[in-house]
Amino acid sequence: MKISPINFAFALSFIFFISSQAGRVLLALDALRLGANPFAVGALSATFSAFPMTFSWIAGQLADRFGSRWLLMAAAAGSSCGLMVPFFSPTLPALYVAAGMLGLGFSFYNVSAQNLVGILGKPGEHARHFGNFTIVAAFSSFIGPMISGFSIDHLGFEMACLILALIALVPVPLLGARGGVLPRGKRRAGAARSTGGMLASPGVRRVLITSSLVILGVDLFQFYLPVYAYQIRLSASEIGVILSMFAASSLVARLIMPWLIARSSEERVLSYAFHIGAVSFVVIPLFTSAIALSVIAFLFGLGMGCGQPITMMMTYMQSPAARSGEALGLRQTANHLARVVGPLAFGSIGLAFGLYPVFWGNALMMASGGLVSWRDAARRNVAQ
């Protein structure tokens, strides 16, 4: 059966992301089984996240030079080996080693796959392809934890590690057999150009800022809305429904995103998304009804659900020639840095002043992103 290169990339990513998401859940649960305290579990999650923040830029440079095929194979094989560590050594230190290897594999795979999606699409196809890529990632985030949970319950932790390691390894033979259909990298003559040279581009700087704001806004929404809902005495089921409304509307947003961009522009759609996010953060503390908060979550998802694929696409389009992987790697580095710094900053605000200033501070942050995107849209109209 013949499969197009872009669908081949989507299928490989779906398989890998399932193993990655399932692996994160498994490592956290295994740590609790071994008696880890909450701080140790948090440190385990931080170990995973530290590697994408540190190595994504390098992964992007390598993707530009050598293409995606061999990097995807190495990332899948490395993640598989990482998941095998707790199988052979079911100890807490082994889980930290596994988390590091899984995080390193994720950083190389994610950047290489994003770059591949951009390369395989024509300019008019980028919105659809990047939107579909984020949908693939969303579905894998839904399926992966279920596979992890059922495997642990029915087979135990060690066998669950083995199963996930085998799933992570699946892309390796597929890339070995069919990877020749993927484009090769472009080796650049002379010394490698610096990151500072890329950051000198105002367009790249702006898209990195807006991308970080999107990621931070979504993360803080998913964290602080349940905290607020718990404080106003909503049940766990009601909180789950509220978050499910956000997830469902995010999927809808990604499905209609190509249609919206075709009738407007990436910058204008992103500006509307930020403004919807800002209004959502402002009104959350004004309601105590589960139905009202579900509506707000749905509207927030309709707006911010477009944010991640649009900033991914804009990063690719703004990148200098033959440096798209590097730009996408910088985007992932900036996103993970925001995920570290942002919660600490807003957590301090919440501790000192309560939840209301947290929501309103987030609204101001979203409005700032909307203003930057609106100005970008105006510049684009003038240039045309």
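List of remarks:
- Yes/no for ALA273 being farther than 14 Å from ILE242 by Cα, among the small types (Gly, Ala, Ser), outside any helix (DSSP H, G or I) and assigned by TED's automatic domain parsing to the domain that holds ALA378: no
- Qualifying residue in the range 316-325 (condition: over 30 Å from SER68 (Cβ atoms) and out of contact with any strand residue (DSSP E or B) (no Cβ under 7 Å at 6 or more places or on another chain)): no
- When the criteria are applied in full, ARG268 fails the requirement of being among the basic types (Lys, Arg), closer than 17 Å to ALA138 by Cα and buried (at least 16 other Cβ atoms within 10 Å of the Cβ).
- Tabulated pairs, the range 108-131, first within 14 Å of PHE8 (Cα to Cα), second charged (D, E, K, R) and at pLDDT 95 or above, C-beta under 6 angstrom, 6+ apart or interchain: none
- Test: residue in the range 351-362 that is buried (at least 22 other Cβ atoms within 10 Å of the Cβ), part of a helix (DSSP H, G or I) and in contact with a Pro (Cβ under 8 Å, 6 or more places away or on another chain): yes
- The set of residues from the range 96-115 being over 14 Å from SER49 (Cβ atoms) and of a type in the set (Ser, Thr, Tyr) comprises TYR109, SER112.
- Flag if LEU27 is under 18 Å from ALA76 (Cα atoms) and part of a helix (DSSP H, G or I): yes
- Taking first residues from the range 227-251 that are within 10 Å of GLY301 (Cβ to Cβ) and touching a residue at least 60 places away in the same chain (Cβ under 8 Å) and partners that are part of a helix (DSSP H, G or I) and of a type in the set (A, V, I, L, M, F, W, C), the Cβ contacts under 8 Å between residues at least 6 apart in sequence or on separate chains come to ALA247/ALA138; SER250/ALA138; SER250/LEU302; SER250/MET304; LEU251/ILE135; LEU251/ALA138.
- Condition met for ARG263 (without any contact (Cβ under 8 Å) to a residue 12 or more places away in the chain and either surrounded by 24 or more Cβ atoms within 10 Å (Cβ to Cβ) or within 24 Å of ARG375 (Cα to Cα) (or both)): yes
- Subset of the range 213-231 [aliphatic (A, V, I, L, M), surrounded by 14 or more Cβ atoms within 10 Å (Cβ to Cβ) and more than 26 Å from GLY121 (Cβ to Cβ)]: LEU216, LEU220, LEU225, ALA229
The values are calculated or read from the model by the stated rules, or taken from the named source; none is laboratory data. Model, not experiment: these values are computed from the prediction. Heads up, the Cβs are rebuilt from the backbone with ideal geometry, glycines too, and the neighbour counts pull from every protein chain shown.
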